[in-house]
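All remarks here apply to the structure that follows.
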Amino acid sequence: MSHPAAEPTPAVFAPGLLAGQVALVTGGGTGIGLGISSLLAELGAHVVIASRKPQHLETALAEITGRGHRASVVQLDVRDPERVRAVVDEVAAEHGRIDLLVNNAAGNFYAPSATLSPNAWKAVVEIDLYGTFYCAQAVYPIMARQGGGRIVSTSMTLHYRGWPLMAHATAAKAGVDALTRTLAVEWAPQRIRVNAIAPGPIPTEGVRKAFTPPADSGVPDLFAAAEEKMAAYAQTSIPLGRWGTPRDIANMVAFLASPAGDWITGAIFVVDGGEWLAKNAG
Ligand code: HXC
């Protein structure tokens, strides 16, 4: 794809900025998660990539270690609180600490609320909201013991207004925002900074799948559009004129993980080229 989002972003952080840090990135093997894992590793962190799917883990590990950076992988479904705790404890035992948790794992799909099955509702809310809580709760004792840490969760902007066919995901992400603010205050005495990032449209494979609307829904399938149509959408609907990239989100995570994030907690950063504000205005 030749739109500007495909162009690499130049390095903006000091080499070795995160040296010595240990980061756990859920859903870190593909899409935005892989972008985050890669940048953290590039900046010197040891990144533990967690994913439900072993094939995602192998590819991501090869990509990061192949470039000479440090990473390891672990299979994890964030919906399983006991497994979450076991994995977090294993990581802490092996590395002695966990400086950063990135709650990136998410599940989404377009589906009409009137016929959404209980299990479909549960699948998304459990991954997006429960999983975020389980992971945050599991790292808490480790971060508290070591004198602090950072948690960055992935939110979205779709719940800032009504978003048909996304009741499960918008409800879950609204919960992630609330959780972010509450934990930020509750865990500030332990010096655990808790923030979230709300990414705008980033055409990864996962997002393309999640945002394929049912054929009879009347919702336009943005990502199925021809390349020139996608470029036109960026020009007309994204004020900064381009689609986002995983690196756009990763840069914000790196900033929050760095000393520049020392006095930031409870914040939800919209990183979307201005898209949701423009939609709101329209
Ligand atoms: C209606 C659906 C459905 C769909 C699944 N279900 N897909 N219902 N429409 N398109 C229902 C199933 O029928 C089932 O209900 C229930 O959901 C659980 O489905 P499973 O396949 O058994 O679940 P599981 O294997 O656990 O998979 C979870 C998942 C899946 C969420 C359904 O899509 C997934 O693993 N996604 C992970 C990747 C992902 O979605 N990434 C997108 C992130 S993008 P029944 O009743 O039949 O048992 C993102 C966008 C950001 O977050 C937005 C920026 C603009």
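The values are calculated or read from the model by the stated rules, or taken from the named source; none is laboratory data. These figures come from a predicted structure and were not determined experimentally. With ideal geometry, Cβ positions are generated from the backbone for all residues, glycine too; neighbour counts draw on all protein chains shown. Surface areas here come from the heavy atoms of the whole protein model, side chains and all, with no ligands, DNA or RNA. Shrake-Rupley method; radii C 1.70, N 1.55, O 1.52, S 1.80 Å.
Quick notes
- Residue within the range 87-99 that is open to solvent by less than 10 Å² (accessible area, probe 1.4 Å), within 20 Å of the chain's Cα centre (by Cα), within 16 Å of the ligand (Cβ to nearest atom) and under 22 Å from Ile249 (Cβ atoms) present: no
- Failed criterion for Arg67 (all others in (1) without any contact (Cβ under 8 Å) to a residue 60 or more places away in the chain; (2) in contact with a strand residue (DSSP E or B) (Cβ under 9 Å, 6 or more places away or on another chain) hold): (2)
- Residue tally, condition open to solvent by 30 Å² or more (accessible area, probe 1.4 Å) and among the hydrophobic types (A, V, I, L, M, F, W, C), over the range 42-83: 3
- Criterion: over 21 Å from the mean Cα position of the chain (by Cα), within 14 Å of the ligand (Cβ to nearest atom), open to solvent by less than 50 Å² (accessible area, probe 1.4 Å) and hydrophobic (A, V, I, L, M, F, W, C) - qualifying residue of Ala210, Ala234, Ala196: Ala234
- Check on Pro246, over 23 Å from the mean Cα position of the chain (by Cα) and within 14 Å of the ligand (Cβ to nearest atom): no
- Qualifying residues in the range 241-282 (those that are open to solvent by 20 Å² or more (accessible area, probe 1.4 Å) and among the polar types (S, T, N, Q)) - the one farthest from Arg181 (Cα to Cα): Asn280
- Residue that is farthest from Leu100 (Cα to Cα), among those in the range 213-231 that are within 11 Å of the ligand (Cβ to nearest atom) and open to solvent by less than 50 Å² (accessible area, probe 1.4 Å): Ser217
- For Thr154: the one exception among (1) over 22 Å from Pro199 (Cα atoms); (2) within 12 Å of the ligand (Cβ to nearest atom); (3) crowded, with 24+ Cβ neighbours inside 10 Å: (1)
- Residues within the range 33-59 that are within 15 Å of the ligand (Cβ to nearest atom) and among the small types (Gly, Ala, Ser), tallied: 4
- Put simply, of Ala178, Ala188 the only residue that is of a type outside the set (Val, Ile, Thr), more than 20 Å from Met143 (Cβ to Cβ), open to solvent by 30 Å² or more (accessible area, probe 1.4 Å) and modelled with pLDDT of 95 or more is Ala178.
- Total residues in the range 122-147 satisfying the condition of being within 8 Å of the ligand (Cβ to nearest atom), hydrophobic (A, V, I, L, M, F, W, C) and surrounded by fewer than 18 Cβ atoms within 10 Å (Cβ to Cβ): the figure is 1.
- Taking (1) at pLDDT 95 or above; (2) among the charged types (D, E, K, R); (3) more than 18 Å from the chain's Cα centre (by Cα) in turn, Lys279 satisfies each apart from (1).
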